Structure formats: structure tokens, C-alpha cells
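The values are calculated or read from the model by the stated rules, or taken from the named source; none is laboratory data. The model shown is predicted, which means the values in this text are computed figures rather than measured ones. Backbone-built Cβ (ideal geometry, glycine too); neighbour counts: all protein chains shown. Accessible surface areas use protein heavy atoms only, side chains included; no ligands, DNA or RNA. Shrake-Rupley method; radii C 1.70, N 1.55, O 1.52, S 1.80 Å.
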Amino acid sequence: MFIRRRKSWEIRESQATAEGVLLSRRAVVAGAGAAAGAVAIGFGLARPDEVAADTPDPTASLYPAKRSEAFKLDRDITPEKANLNWNNFYEYGETKTVASAAQSLKVRPWTVKIDGMVEKEREVGIDDLIKAMPVEERLYRHRCVEAWGMAIPWTGFPFKAFLDFAKPLSSAKYVQMETFNNPRMAPGQRLPYYPWPYVEGLTMEEAANELAFLVTGAYGKPLAKQFGAPLRLAVPWKYGFKSIKSVVRVSFTDKRPVGMWEKIQASEYGFWANVNPEVPHPRWSQAMEDVLGTYDRRPTLLFNGYGEHVAGLYKDLQSERLYA
Ligand code: MTE
């Protein structure tokens, strides 16, 4: 994410494309393995005594899960190695090479709090939740607001199944999700200019849409830490910052959630954030995207190509800022 701070590294609109190409080249290098084991610059790992080892993952036998045939890709799956070494996870640093630092994330035991406008507030263990859900694999595209894209085999369960489990009240209009907040485990959270924890939200209709997916695995395995283990969101018709990682709390509310990026820079990162090639980011074009792990550039698609599933959600909302 590029945020508008008046610092020396701030890019001008004219530089955005060049930076996107540069990022993609680095991703190719990552794919070749050169970036494996890279450490996020400026962020040391937590000391071993600060982060106890994970307890074993009792859901490991669920992977690989059966692939759904309902969601087709228009491109190859991004090589796993490229994806594992090119991440946005600001809790572990402001660069793309956070893979090593993110190994400090402790993902078991892990609980998810369900609260707000629900029949009964509760806290559920991640493994009890996963075992109660219809787990499947889906091939999804992902489009970052920074104008790069990837294609990934996620494993997880439909958000709709989670809604049936959580039992929100009919008065709930939005679902707000929150990432953990633990600066001892995540050095990025010591940076004072981010309003931690990371927060994101959807309308109830969006969360109930067949495409909204809660992710527990990728590439036929439990989720790697840098992908946002043990539970992240995938809403592939929206810019990637909506797909919050390492969720610890899901709240139902009648107030529109304000995401972390919206708090920092509302004019650039809004609530809806639907992908649209014709609506540029205030500082760069969204018309094209760099394909992670390759030298390809492709035209961006409206709703990232998922219009048949989601365009209907927005037909009565044309006065909203739907594409930022
Ligand atoms: N969630 C948290 N908690 N922290 C983050 O920094 N980055 C977002 C999103 N979810 C982010 C997050 C952004 S900007 C993108 S593009 C995707 O995660 C990146 O997901 P990936 O690293 O799996 O490609």
C-alpha cells in the first residue's frame, strides 16, 4: 500500500507504473528463489522467549480439500514460491519481504470472538470452527490496489456458512473484522503511525455473497503465516486490502466499519474498494495490472472479472464511492 505521507519516498502519480513494474520484477526474482529467507528490512524477529511455539494443527489432515469447479481462472496459478515471498502484511513490515519476520506469528492456540449484534456472543477455537465448516478449495484471483495481481488456490469455507454459525441479528447491517494486536509478536505494530489493529468490513449482503470466502489454507496446505494464518478473508472482486489477515474478532453492527487504510487516508482507500479499471487511484492508473511471478501485464477487469457474481449487489448504490 502506498499511503500519502509527505516523506521523501512518497511516489508521484507519474512514478506509480514504474514502481509497479519494479515490484513485479522483484516478484520474478522471488519466484526464482532468490528472495527465499529474506528478512523484512528494519524488523528483527521477536526473541524466541517472547513467542512460544505453536501447538500442533489438528486440522492439518483436511488438506488438500476437494476443489470446487464453480470458480475458474483465466490465467495460471501463481507459483507458490513467488506468492510466499511477496506479501503485504504490515504487522511484519512495510516491504513485500515479510515472510521471515511473519514466522513470529503464533497461530495455535487461536480463538475468534464473535460479538455485537448476534443471538449470543461467544469465542470459538479456530479448530472447532474449521471442523464445523464445509471446507473446500477455490481458485481465486487477487488484485492489490497497488496494481499487481495473482491467482491462488485458497482452502476455506464460504462466509455464508460462517454467518449461519454466528447467527447475527436481522438488524445487523455490516460485519467488521479485526486482526490481532500484539506488538511483541508483530514488530510492525510498534510503528506508531498505523492505527492498529487492522480492521476491515463488509455489508451483510456482501458477506453472504457466494464469493466471500474465509480462508484457512493455500496451495493444498494450512495457511502459511505470511498469508495471514490461521484465518483470513478473500473477497476477490475488491482490492486486496479488504482481504484482512489473521482475524481474531468478527463483530456484527449497524455502523459502517472504518478500515485501517480508510482511517489513514480516506480519500484513497474507502469502504467499498471494488476493482474498476476506469477509476484510477488518485495517484496511479488502475487500467493494467502486473501478474505476480511473471513479466506479464494485463488489463484490469471490472470487479476483477467477478461481475456476474457481485454486480447486482451495487445496482442501487450508484451514489456511493464504489470503486475506491
Ligand atoms: N491484513 C492485515 N492484517 N495486514 C495487512 O497488512 N494487507 C492487505 C491484505 N490483508 C494486510 C492484510 C493487502 S494491502 C493485501 S494486497 C493483501 O492482504 C495481501 O495478501 P497476500 O500477502 O496474501 O498477497
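crowded, with 22+ Cβ neighbours inside 10 Å, outside any loop (DSSP other than H, G, I, E, B) and touching a residue at least 24 places away in the same chain (Cβ under 8 Å), is that true of residue 98?
Details: crowded, with 22+ Cβ neighbours inside 10 Å: yes; outside any loop (DSSP other than H, G, I, E, B): no; touching a residue at least 24 places away in the same chain (Cβ under 8 Å): yes.
Judged against the criteria, residue 98 is not a match.
Taking only region 81-93 into account, find how many residues are more than 9 Å from the ligand (Cβ to nearest atom) and not in a helix (DSSP H, G or I).
2
Each row is one residue, and each column tells you yes or no for (1) farther than 26 Å from residue 85 by Cβ; (2) free of Cβ contacts under 8 Å to residues at least 60 places away in the same chain; (3) more than 16 Å from the ligand (Cβ to nearest atom).
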{"site": "127", "(1), (2), (3)": "yes, no, yes"}
{"site": "134", "(1), (2), (3)": "yes, yes, yes"}
{"site": "140", "(1), (2), (3)": "no, no, no"}
{"site": "146", "(1), (2), (3)": "no, no, no"}
{"site": "150", "(1), (2), (3)": "no, no, no"}
{"site": "154", "(1), (2), (3)": "no, no, no"}
{"site": "157", "(1), (2), (3)": "yes, yes, yes"}
{"site": "160", "(1), (2), (3)": "yes, yes, yes"}
{"site": "165", "(1), (2), (3)": "yes, yes, yes"}
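All but one of (1) under 22 Å from residue 80 (Cα atoms); (2) among the aromatic types (Phe, Trp, Tyr); (3) open to solvent by less than 30 Å² (accessible area, probe 1.4 Å) hold for residue 271, so report the exception by its number.
Status for residue 271: all satisfied but (1).
Which of the residues that make up region 250-270 are more than 12 Å from the ligand (Cβ to nearest atom) and not in a loop (DSSP other than H, G, I, E, B)?
Hits for region 250-270 are 250, 251, 252, 253, 262, 263.
Could you please find all residues in region 215-249 being assigned to a strand (DSSP E or B), within 12 Å of the ligand (Cβ to nearest atom), under 18 Å from residue 84 (Cα atoms) and not β-branched (Val, Ile, Thr)?
218, 232, 233, 234
A quick yes/no check of all residues on (1) modelled with pLDDT of 95 or more; (2) within 18 Å of the chain's Cα centre (by Cα); (3) hydrophobic (A, V, I, L, M, F, W, C):
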| residue | (1), (2), (3) |
| --- | --- |
| 78 | yes, yes, no |
| 99 | yes, yes, yes |
| 111 | yes, no, no |
| 119 | yes, no, no |
| 140 | yes, yes, no |
